[in-house]
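Presented below is the structure to which this report refers.
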Amino acid sequence: MTTVRHGRFLSLAALAASATFALSACAGSAGGGGGGGEGGGSGFDYGASQEDVDAALSELEPVNIVYQAGAQGPNSVSAQSAHDFKEYVEERSGGKITVEVIWAQAIAGYSEIDDALSDGRIDVSYALPIYDPSTYPAFDALATTSAGLPNSPVVGELVGNAAIIDMAWNSEEILQGYEEQGIVPLTPVVSTGNHHAICSDSGTTLDDWKGRQVRIPSVSLEKVASNLGATPVSMEYVEVFEAIQRGTVDCTLAQLLPSEEAGLLEIAPNVSYASPEASLSSRGAGAMLAGTNFQNLPLAYQQIIFDAGEGGFIASSEVIANGNAASVKQLREAGGEMTPLDPEAEKKYKETNDELIAQVEEDGLIGSDASQRMKDAADKWSGVAEEIGYEEGGDFDSLDEWYNADDFDYAPFAAQLFEEVYLPHRPS
């Protein structure tokens, strides 16, 4: 395994040592291409020294940006991403950009984030486009296609996230969907982990699923729940705890990280997971987006905010792995257990996934070869992970026993992903 490098965002010294890239404007670039937005001004090369960055910012006025985090509070596991974003942007800008972090969707709920980005109430936000398939049909199609990605506690999550980000940045349909809403993608899709079946009662057979009320977060998982014999119920994850507590729903198909954060595993302590060959649908739920005010910032400010995506991937990878481990710990303390899905139920999952992916390709929203492109992306990033030396130490059900964050340094993986996938879309 690799050795950890402490500090989630790349240090300024590391950035200065990076190779520089002079990038031309291209379609789909954050900030809209060559002019760098209405704020104008000159920018700097990726990997530039801090001295060069300071020079590019020397004539600019200080600004304050409002960043709405996905976490419910500053002390939650997933808050790490927001803390690191703030630290990087403020340090890289020499204090000229101040980041105000808003927690728990206090300005706008997930259904209102697009409007809040457009009208300037929020400048940058974690969002869940998966909740709005009518507005983002290509995003929904991409999430559905992600069902074939690797499914394992740490390396599978890392590779899956990289593969779906790679697919999204190289999908004109995904980028056009954001452009039509007047929104700028900083990371066009963010995976918060693979989905699991989280239930108040035990049982994973097809007979157990019959008659259950199951909360679903996406169109594809609605089909999965129905084919298992359950009744799908659509609701945001922030409502799930109360729904299970009251018996309104029996299960939710959800990621471990937000489930642990909400304390859901204390009242729904029966969790089942699919094998590495049959992961549940809709891995890609979220995105990091910017709005009108970002597009009006000077180019150099846009570049600093965009460049935070490299460290953002590191933080996201750590958050998912740490959140998965914390989830298993919370589950054990609640007297619950993680179990593999019953083989017949898993077979039904896989059959449904295959049907859904075939429908995506027939619809052509992200091309007729989406599943092959997703497989190619997964194979590519699996190879990168193998070259670096990442290894799983066990399965989901023993994750809290074998996982050690110090065994995984995500920086080299994130650097390669950023340079190959993000940089062509850097504001310029």
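Per residue, the chain exposes 37 Å² of accessible surface when a 1.4 Å probe is rolled over the protein heavy atoms with every protein chain present. As a ratio to 2.2 N^0.38 Å, the alpha-carbon radius of gyration for the range 205-347 is 1.25. Compared with the dominant Cα axis of the chain, that is its longest principal axis, helix 155-169 is turned about 60°. Computed across the range 152-212, the Kirkwood hydrodynamic radius from all distinct Cα-Cα pairs reaches 14.5 Å. Distance from the C-alpha centroid of the range 353-377 to that of the range 96-157: 22 Å, rounded to the whole angstrom.
Charge dipole of the chain (Cα centre as origin; +1 on each Lys and Arg Cβ, -1 on each Asp and Glu Cβ, all else neutral): 360 debye, rounded to the nearest 20.
Set against the 2.2 N^0.38 Å expectation for a compact globular protein, the range 58-102 has a Cα radius of gyration ratio of 1.23.
Per residue of the chain, what 222 nm ellipticity follows from adding -39500 (n - 2.57) for every DSSP H run with n ≥ 4, rounded to the nearest 500?
Working: 17 runs with 183 residues, N = 428.
Here the helix-only value at 222 nm equals -13000 deg cm²/dmol.
Note on residue 135 and residue 61: with the Förster distance fixed at 22 Å, the Cβ-Cβ geometry gives a FRET efficiency of about 0.05. In this label model, residue 332 and residue 379 are separated by 3.8 nm, measuring between points 7 Å along each Cα→Cβ vector.
Once you have the alpha carbon radius of gyration of the chain, what is it after dividing by 2.2 N^0.38 Å, with N set to its residue count? If you can, show how the numbers build up before the last one.
Working: Rg = 20.8 Å, N = 428, 2.2 N^0.38 = 22.0 Å.
Dividing the Cα radius of gyration by 2.2 N^0.38 Å gives 0.94.
About its Cα centre, the range 32-175 has a charge dipole of approximately 400 debye under the convention of +1 per Lys or Arg Cβ and -1 per Asp or Glu Cβ, with nothing else charged.
For the chain, which whole percent of the accessible surface, found with a 1.4 angstrom probe, sits on carbon and sulfur atoms?
Details: 7450 of 15940 Å².
Here it works out to 47 percent.
Net charge dipole, the range 318-428: roughly 380 debye, given to the nearest 20, about the Cα centre with Cβ charges of +1 for Lys and Arg and -1 for Asp and Glu. Spacing of the modelled spin labels on residue 398 and residue 52, each 7 Å from Cα toward Cβ, amounts to 4.9 nm.
When peptides 314-320, 150-156 are sorted by average Cβ neighbour count within 10 Å, with the highest value leading, the order is 314-320, 150-156. The distance linking the range 214-271 with the range 378-410 is 27 Å (Cα centroid to Cα centroid, whole angstrom).
The values are calculated or read from the model by the stated rules, or taken from the named source; none is laboratory data. Keep in mind it's a predicted model, so treat the numbers as computed, not measured. Note that we place each Cβ from the backbone using ideal geometry, even for glycine, and neighbour counts take in every protein chain shown. The area values use the complete protein model at the heavy-atom level, side chains included, leaving out ligands, DNA and RNA. Shrake-Rupley method; radii C 1.70, N 1.55, O 1.52, S 1.80 Å.
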